[in-house]
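Right, I'll just put the structure down here and ask away after.
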Amino acid sequence: MGAGLRLVQRNYRTPGRGGGEIDLILREPDGTLVFAEVRQRASARFGGAAASVGATKRRRIIFAARHYLMRLPQTPACRFDVVAIEGQSVHWLKAAFDAA
């Protein structure tokens, strides 16, 4: 992965119906765990890829992240990123939202 990020897991899903999914779980060199949602749109019309990560999707990602973190012996620093792909452009939005 770019920028020194190490892939930890892809497509992490919580068990059962109505749970959440995280596209990518990555680790920064400093130990920060990054939960990344990847969205692709043909263009920025209708708000674009980043705007498609609405409140419901954010809640499901946060739910899945909490589920993932419960398995760890210690909770590391975390952040939620969005990778927005529109046409040929890729925008990595670091700390796009938080769990608060």
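The values are calculated or read from the model by the stated rules, or taken from the named source; none is laboratory data. For clarity, every value in this text was computed on a predicted model and none was experimentally measured. Backbone-built Cβ (ideal geometry, glycine too); neighbour counts: all protein chains shown.
Filter segment 32-63 for residues that are at pLDDT 95 or above and over 16 Å from residue 93 (Cβ atoms) and give the result.
33
Only residues that are within 25 Å of residue 17 (Cα to Cα) and over 16 Å from the mean Cα position of the chain (by Cα): list them for segment 67-77, please.
Passing the criteria: 70, 71, 72.
Taking the stated definitions as given, is residue 80 in a strand (DSSP E or B), surrounded by 14 or more Cβ atoms within 10 Å (Cβ to Cβ), in contact (Cβ under 8 Å) with a residue 12 or more places away in the chain and under 14 Å from the mean Cα position of the chain (by Cα)?
For residue 80, the condition - in a strand (DSSP E or B), surrounded by 14 or more Cβ atoms within 10 Å (Cβ to Cβ), in contact (Cβ under 8 Å) with a residue 12 or more places away in the chain and under 14 Å from the mean Cα position of the chain (by Cα) - is met.
Out of (1) surrounded by fewer than 16 Cβ atoms within 10 Å (Cβ to Cβ); (2) in a loop (DSSP other than H, G, I, E, B); (3) aliphatic (A, V, I, L, M), the odd one out for residue 53 is which?
The number of the failed condition is (1).
For segment 56-77, how many residues meet the condition of being in contact (Cβ under 8 Å) with a residue 24 or more places away in the chain and not in a helix (DSSP H, G or I)?
Residues in segment 56-77 being in contact (Cβ under 8 Å) with a residue 24 or more places away in the chain and not in a helix (DSSP H, G or I): 2 in total.
Please state which of the following conditions residue 96 fails to meet, knowing it meets all the rest: (1) assigned to a strand (DSSP E or B); (2) modelled with pLDDT under 90.
(2)
When the residues of segment 41-50 are filtered to those that are out of contact with any helix residue (DSSP H, G or I) (no Cβ under 6 Å at 6 or more places or on another chain) and in contact (Cβ under 8 Å) with a residue 24 or more places away in the chain, which remaining residue is surrounded by the most Cβ atoms within 10 Å (Cβ to Cβ)?
49
Has segment 3-19 got any residue that is closer than 15 Å to residue 98 by Cα and exposed (fewer than 14 other Cβ atoms within 10 Å of the Cβ)?
Looking through segment 3-19, none of the residues is closer than 15 Å to residue 98 by Cα and exposed (fewer than 14 other Cβ atoms within 10 Å of the Cβ).
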